[in-house]
1. Residue check, residue B:155 against (1) surrounded by fewer than 21 Cβ atoms within 10 Å (Cβ to Cβ); (2) in contact with a strand residue (DSSP E or B) (Cβ under 9 Å, 6 or more places away or on another chain), all met but one. Which one?
2. Restricting the stretch A:133-153 to residues that are under 29 Å from the mean Cα position of the chain (by Cα) and of a type in the set (Gly, Ala, Ser), which is nearest to residue A:35 (Cα to Cα)?
3. Step by step: first the residues of the stretch A:142-155, then only those that are of a type outside the set (A, V, I, L, M, F, W, C) and in contact with a helix residue (DSSP H, G or I) (Cβ under 9 Å, 6 or more places away or on another chain), then the one that is surrounded by the fewest Cβ atoms within 10 Å (Cβ to Cβ). Which residue is that?
4. Would you check if residue A:313 is buried (at least 21 other Cβ atoms within 10 Å of the Cβ), within 14 Å of chain B (Cβ to nearest Cβ) and either touching a residue at least 60 places away in the same chain (Cβ under 8 Å) or not aliphatic (A, V, I, L, M) (or both)?
5. Can you find a residue that is in a loop (DSSP other than H, G, I, E, B), away from chain B (no Cβ under 14 Å) and not aliphatic (A, V, I, L, M) anywhere in the stretch A:287-306?
6. In the stretch A:362-410, how many are out of contact with any helix residue (DSSP H, G or I) (no Cβ under 9 Å at 6 or more places or on another chain) and within 23 Å of residue A:331 (Cβ to Cβ)?
7. Taking the stretch A:185-223 as the region of interest, how many residues are under 18 Å from the mean Cα position of the chain (by Cα) and surrounded by fewer than 16 Cβ atoms within 10 Å (Cβ to Cβ)?
Amino acid sequence: MKRIVILSLVLAVLVIPQVAHSGAYVFAGASSLDEVTHARVYTGTGGTLTPLSICIDISVNPALAVLAEGSVVNAVNTFNRLRSVPNNNLAFNANTDIPSGQVDFESTLLHEMGHCQGLAHPNHATESGIAEPGRNGTKSTVGTNAVFEQVAGVDGLHGSRDDLRGDDLNLHWYIRNQNNPGLLPAAFDTTTMIRALTALPGGHLFAANADRDVLNALGFANTEAVMQQGAFTREAQRILQHDDVTTLRLARAGSDRTQGNADDYTYQLQYVGQLNNPTSEACNLRVRIDASTGFAVCSVGGVGISTNNVRVTTANLAFNNATNWYFTPGPNTVAQIVSDGPDPSTPGQTYSVQVRVTEGVGIVITGEPRGTVEVRDGVGGSCTITLAGTVGEIGSCNLNTSAVGTQTLTAHYLGFGGWDSSLVTTSHVVGAANVIFLNGFE
Amino acid sequence: MPIRCPTSNRAIDARPRRATVAPLFALLLSASVAAAEPTPCWPQGVPVMELRVTPGEMAAPGKELRINVHDNDCVSIKMPDYYRRRGEYALALSGSERAELQSLLRDLAAQPYDHQLMLAEASRLEGARAVDQGHERFAVLDADHYVLTLRDGDRFAPSVRALAVFQYAERYPEIRSLDALQRLTARLISLSERDELSLLQQPSAAAEVSR
């Protein structure tokens, strides 16, 4: 009996097959190269969709799970704002608020939440079976010879425009005639984006992906797509990179991949709290912290909604309960509108908005917050401040509008490296212009 | 000075064994002994069973969780540098734990796991479930890679390899081989979560260098 037991087990030999279900969108593959995967809330009809809910499942490890709440709220806000930075969305060690030896939960969560909305890795990643550094090559599927042909090319960088890829089939959407993952396209649809290699600029051999080394060579320092696979201790990546936003927004052009028509959609993520073993209807993205993974995974079910369009049906995120996570309590920066004057202003009068961004209480990061602050007046006006990162810095920019009334000014610090995005609002009054009559009366 | 397993006071299965079988799982396949409190131990000899878990998102040398069950009932557990309890630890199996592992191993042997066959069965199940919405697909991103290796002295038994065991098991509880692998894997991993692990080797500092 015992011998049977052992021999049976010994015979259970296997080799893990190459996984073909991943692409720049989760379910794209050899038989569906141009397939786009949409979030659960999209069924083919455009418009402002029902919010996509996310919760923390406290049926397992509740004491640990509740610590994740601040990170979940931050990540929800990050996806809802859908803003990206051109560079410096990565930071390491003392340039972050992450204590030594810890792994940033929010950065990992952001990556897994991207998967659970339909995004795959822009790079080969571990599912390809390719070892480092080759797995940084651009996401593709094997061609007729059934093997990946990943050669870095002259620049020695895997994932760049000169990779030699044999008959591999590209799965990564890139900007037509630019093939630069550090840029944003003018529109987010197939007029500007393409998956096939037919719109590469002259001399380019394959689609480039937003790998940190590739982007550095293109002039974008400390930058990488959040969806690029790979995490490290004491590394912060809580800000979306252009390629992340481009891929999300291409999906939101709807099933026809054309921006500006009826099947375009938008949706917001909504944190619905701590729930006990929720159904996927009650909680579309379930976050658990348990031993079902050695680090972090997202498992998704999906179903076709039309040709080359799939929607996620179930999405579960799991994070390892033994990992030395750093749980962010909230954004580590505080944006403040110091003044907006003159307030009230008159229609058409220029007024100045002064903004300061500081580290949150108890936060210690080398240097001072720097980067871009966008100021909007809620009626179509906007201006931009660039913070240089000097001590006590207050930046300013000017707005003016002809719209009379009380407006909501929003200053949105986009974040930089280890400094999180933060947002503040205040009101500003644009009053009717005073008209002085000849008799001295208004 | 490490503390050794109290092997001498352990009840040994007196039933006859086949010579080819005895070296492999000599202890795991013996009869259960009286339940005892877990005792610190020092792993001796080659492991008779090893589980390695390599995460997709944190895939690099030294980043895997490794759990070795030795033939003196001592379990050594190597936790990667990003765990709260990084380093190498040991734990003595109690008699009841040994018996439980033995039972789980038998279950898996009765339902040998093959990842490709599991995927085929999963696809068949999705087809059977499809009613209104059509055939669903399933994917696990950043899937963990599990390798379960059994050894017989110097002879390596072929390894059982699997991806995302727990995620597939949640989706396809009907697949018995997957369920058996999941239960054995879960039990082994649960050993690493015990409070009374004894430290064998000081942890190395977590690498804080990005590629």
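1. Evaluating residue B:155 over (1) surrounded by fewer than 21 Cβ atoms within 10 Å (Cβ to Cβ); (2) in contact with a strand residue (DSSP E or B) (Cβ under 9 Å, 6 or more places away or on another chain) leaves (2) as the failure.
2. Taking the candidates together, the pick is A:140.
3. The first filter runs over the stretch A:142-155 and keeps only residues of a type outside the set (A, V, I, L, M, F, W, C), leaving A:143-145, A:149-150, A:153, A:155.
The next check asks that each one be in contact with a helix residue (DSSP H, G or I) (Cβ under 9 Å, 6 or more places away or on another chain); those that pass are A:150, A:155.
On the way: A:150: 24, A:155: 13.
Among residues in the stretch A:142-155 that are of a type outside the set (A, V, I, L, M, F, W, C) and in contact with a helix residue (DSSP H, G or I) (Cβ under 9 Å, 6 or more places away or on another chain), the one surrounded by the fewest Cβ atoms within 10 Å (Cβ to Cβ) is A:155.
4. Working: buried (at least 21 other Cβ atoms within 10 Å of the Cβ): no; within 14 Å of chain B (Cβ to nearest Cβ): yes; either touching a residue at least 60 places away in the same chain (Cβ under 8 Å) or not aliphatic (A, V, I, L, M) (or both): yes.
So residue A:313 does not fit the description; no.
5. No, that holds for no residue.
6. Residues that pass the stated criteria total 32.
7. Qualifying residue count, the stretch A:185-223: 2.
To keep it simple, each residue is scored yes or no on (1) in a strand (DSSP E or B); (2) among the β-branched types (Val, Ile, Thr); (3) at pLDDT below 95; (4) touching a Lys or Arg at 6+ places or on another chain (Cβ under 8 Å).
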site	(1), (2), (3), (4)
A:312	yes, yes, no, yes
A:330	no, no, yes, no
A:357	yes, yes, no, no
A:365	no, yes, no, no
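The values are calculated or read from the model by the stated rules, or taken from the named source; none is laboratory data. None of these values were measured; they are calculated from a predicted model. For neighbour counting, all protein chains shown are included, and Cβ atoms are generated from backbone atoms with ideal geometry for every residue, glycine included.
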